[in-house]
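First the structure, in the form of structure tokens, and then the observations on it.
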Amino acid sequence: MSASSDGIAAAAAPLLQVEGISCRFGGLLALDRVSLELVEGEIFGLIGPNGAGKTTLFNVISGLTTASSGRCLWRGVPTAGLGACRLNRLGIARTFQNLRLFESLSVRENVLVGLHHAARAPLLGALLGHGAFRRHQGRLEARAMELLALLELEALAEQRAGDLPYGDRRRLEIARALATAPRLLLLDEPAAGMNPAEKDDLRQLIGRIRDHYSLTVLIIEHHVPLMMRLCDRLAVLNFGRRIALGSPAEVRRDPLVIEAYLGGSGGGQGSAAGEGR
Amino acid sequence: MDAALLEQMLLGALLALSVYLPLRCGQLSLATPGFYAVGGYVAALLSTRVAAFAGSGATSPLWALVAEMVLGGILAGLIALAIGGPVLQLRGIYLAIATIALVEILRVLNLNLPFTGGAMGIFAIPQPFEQADGYVLFTLVLLALACWLCQRLEVLRLGRAMAAIRDDELAAASVGIDTPRTKLIAFVASAVLAGVTGALAAHFLNAWNARAGSFDASITTLAFVVFGGSRYWLGPVLGGLVLTALPELLRPVGDLRLILFGSVILLGPLFFPQGLVTAERLRGLGALLGRAPQAP
């Protein structure tokens, strides 16, 4: 009995634990003892006003910023000092709020760069370009086109990434991140600058991607209605602190959240979080 | 055109490729002449001090030249490997300054080490070829090999990783590219190519001294790449060929030639900010030839 419950506990062990992360930049406390746990397979939303520390938390999780204190655990193992490259190899991929594509490369090549580790091949064969290497290349190209098709970018494969319109760039960032075969996908404002129809498409797309690759998704987004419908759980950050955590319904009713969004008018009538309906 | 000038042009093209390799990875390194000098000293010392390398006939043996080039490349590569770790943590202009310092350190060492012949350098380096034609043929093969390797980079994951780092180093790291390692590979490859070229040049020039690796040479080799374009290997090759030939071809105009040469270097980037060879022009050329080359 106890053995089987141990087994269940191990299976349900969180994919990522964020434990008391603080991040100080000079006089600014960007994150103040933030803790979260992500369960495998969920879509977890991170909302909060501008400057609340959402992107800083992403940077800490993905290894671009070092936390001043606290720690992150990946499947129970501390990730301190691993750096962005190693963390990506462990299974954490991300997109960037202010889009960081490889702009001089084509759309297809951007995804191929994401397939960097899948592209390992013996050096001599690669140099001479013999059969086995070409077949391997062919499989990579096919994989890249598959990802582009999933994100509805295949028609743009040979375009320079720097020439793409805004919405396509956001989707290409997702394709590139997916190419690294992640277990956890961090999406930083993927719907920014999109119109309502595009936002709706994106919501369905994120759900599809999660199901297709059985991913865990951590998403930052300002558009509250989208988040209410998309996320299994939500955390709310304000001034670097986690002020709420729970299901969308719980978060929507939380008086602290209502106050943060309405700027201290004390809740009551017309909560901003309630605009999701 | 005489063979001696052609040989200098080919050597210029090889050095331009050595500057291009780190630049393809977004790293502005001016260390090429330093490694070039190191390779040259390896060849000069071996072929003048070691009897087997000098040979007994009228010309020194070809295997000795190849061995010296390999050893020169290895020594230059080892120096690059040793200093690359810390130096490549610098970015942009700071990396350029550090590599200029490296070139100066190597130059002063070459002037003062007990076995490098001081300011006079090393003379009477034996010739593996009787005439310049031999050098030209040999260097053409070497340049073709270097160009072929650069062309393969366009389709290899290493080449794509380098291009990704050039575009956005942070994003490259976050898709799982080991950016310090990739930059080090580019830096070492650049040093090996410069060392190999130096070993060959020492024989061709017959004498070798510390002036081979000077700050002036850093700027000249950088001009090759700026003039030709740094996005595709054809650019530096073209830049190296043209800018090496130009001062010689301008000899008839006398004292004006350096002014004209300077103007070309100045006006080149003004009218062709991306260099002579760009992705668009390559595509145009490809359409003209009826098939698209692998353009970046």
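Residue-level check: of (1) of a type in the set (S, T, N, Q); (2) closer than 23 Å to B:Phe123 by Cβ; (3) in a loop (DSSP other than H, G, I, E, B), B:Ser47 misses just (3).
Only residues that are assigned to a loop (DSSP other than H, G, I, E, B) and within 11 Å of chain B (Cβ to nearest Cβ): list them for the stretch A:162-189, please. Hits for the stretch A:162-189 are A:Thr180, A:Ala181, A:Pro182. Somewhere in the stretch B:138-146, is a residue over 30 Å from B:Ala119 (Cα atoms) and within 14 Å of chain A (Cβ to nearest Cβ)? Checked against the condition, which is being over 30 Å from B:Ala119 (Cα atoms) and within 14 Å of chain A (Cβ to nearest Cβ), the stretch B:138-146 yields at least one hit.
Filter the stretch B:4-22 for residues that are among the hydrophobic types (A, V, I, L, M, F, W, C) and open to solvent by 30 Å² or more (accessible area, probe 1.4 Å) and give the result.
Within the stretch B:4-22, B:Ala4, B:Leu6 qualify.
The residues of the stretch B:131-154 that are in a helix (DSSP H, G or I) and among the polar types (S, T, N, Q), listed by number, are B:Thr139, B:Gln151. Are any residues in the stretch A:93-123 more than 22 Å from A:Ala157 (Cα to Cα) and either assigned by TED's automatic domain parsing to the domain that holds A:Thr56 or basic (Lys, Arg) (or both), and if so, which ones? Residue satisfying the conditions is A:Arg120 alone. Only one of the numbered conditions (1) on the phi < 0 side of the Ramachandran plot; (2) assigned to a loop (DSSP other than H, G, I, E, B); (3) modelled with pLDDT under 95 is not met by A:Leu29, and that is (2). Listed by position, the helices (runs of 4 or more DSSP H) enclosed by the stretch B:160-251 that each have at least 1 residues that are more than 18 Å from B:Ala144 (Cα to Cα), more than 14 Å from chain A (Cβ to nearest Cβ) and touching a residue at least 40 places away in the same chain (Cβ under 8 Å) are B:179-205, B:215-228, B:234-249. In this structure, is A:Val236 more than 21 Å from A:Gly167 (Cβ to Cβ), of a type in the set (A, V, I, L, M), crowded, with 17+ Cβ neighbours inside 10 Å and at pLDDT 90 or above? Criteria met by A:Val236. Looking at the structure I just gave you, is A:Glu173 under 20 Å from A:His116 (Cβ atoms) and at pLDDT below 95? Against the criterion (under 20 Å from A:His116 (Cβ atoms) and at pLDDT below 95), A:Glu173 does not qualify. Please enumerate the residues belonging to the stretch A:88-114 that are of a type outside the set (S, T, N, Q) and more than 8 Å from every other protein chain (Cβ to nearest Cβ). Across the stretch A:88-114, the qualifying residues are A:Leu90, A:Gly91, A:Ile92, A:Leu99, A:Val107, A:Arg108, A:Val111. Check whether at least one residue in the stretch A:67-83 is within 8 Å of chain B (Cβ to nearest Cβ), at pLDDT below 95 and under 19 Å from the mean Cα position of the chain (by Cα), and report yes or no. Within the stretch A:67-83, one or more residues are within 8 Å of chain B (Cβ to nearest Cβ), at pLDDT below 95 and under 19 Å from the mean Cα position of the chain (by Cα). Hey, any hits in the stretch A:191-198 for a residue that's among the charged types (D, E, K, R), open to solvent by 60 Å² or more (accessible area, probe 1.4 Å), at pLDDT 90 or above and assigned by TED's automatic domain parsing to the domain that holds A:Ala84? No, there is no match, as no residue in the stretch A:191-198 is among the charged types (D, E, K, R), open to solvent by 60 Å² or more (accessible area, probe 1.4 Å), at pLDDT 90 or above and assigned by TED's automatic domain parsing to the domain that holds A:Ala84.
Just for the stretch B:269-284: of the residues that are assigned to a helix (DSSP H, G or I) and open to solvent by less than 80 Å² (accessible area, probe 1.4 Å), which one is nearest to B:Phe227 (Cα to Cα)? Walk me through how you get there before you give the answer.
Within the stretch B:269-284, the subset assigned to a helix (DSSP H, G or I) is B:269-271, B:279-284.
Next, only the ones that are open to solvent by less than 80 Å² (accessible area, probe 1.4 Å) stay: B:269, B:279, B:282, B:284.
On the way: B:Pro269: 6, B:Ala279: 15, B:Leu282: 16, B:Gly284: 19 Å.
Here the residue is B:Pro269.
Go through the stretch A:146-161 and give me each residue that's within 14 Å of another protein chain (Cβ to nearest Cβ), touching a strand residue (DSSP E or B) at 6+ places or on another chain (Cβ under 9 Å) and open to solvent by less than 70 Å² (accessible area, probe 1.4 Å). Residue satisfying the conditions is A:Ala161 alone. Per the conditions (1) within 12 Å of chain B (Cβ to nearest Cβ); (2) under 22 Å from the mean Cα position of the chain (by Cα), the sole criterion not satisfied by A:Ala197 is (1). Just give me the residues in the stretch A:73-130 being more than 14 Å from B:Val155 (Cα to Cα) and β-branched (Val, Ile, Thr), in sequence order. Of everything in the stretch A:73-130, those that are more than 14 Å from B:Val155 (Cα to Cα) and β-branched (Val, Ile, Thr) turn out to be A:Val77, A:Thr79, A:Ile92, A:Thr95, A:Val107. With respect to (1) under 21 Å from the mean Cα position of the chain (by Cα); (2) within 7 Å of chain B (Cβ to nearest Cβ), the lone exception for A:Leu127 is condition (1).
The values are calculated or read from the model by the stated rules, or taken from the named source; none is laboratory data. Predicted, not measured: the structure shown is a model, and the values here were computed from it. Note that we place each Cβ from the backbone using ideal geometry, even for glycine, and neighbour counts take in every protein chain shown. Ligands, DNA and RNA are stripped out before the accessible areas are found, and what is left, the full protein with its side chains, is counted by its heavy atoms. Shrake-Rupley method; radii C 1.70, N 1.55, O 1.52, S 1.80 Å.
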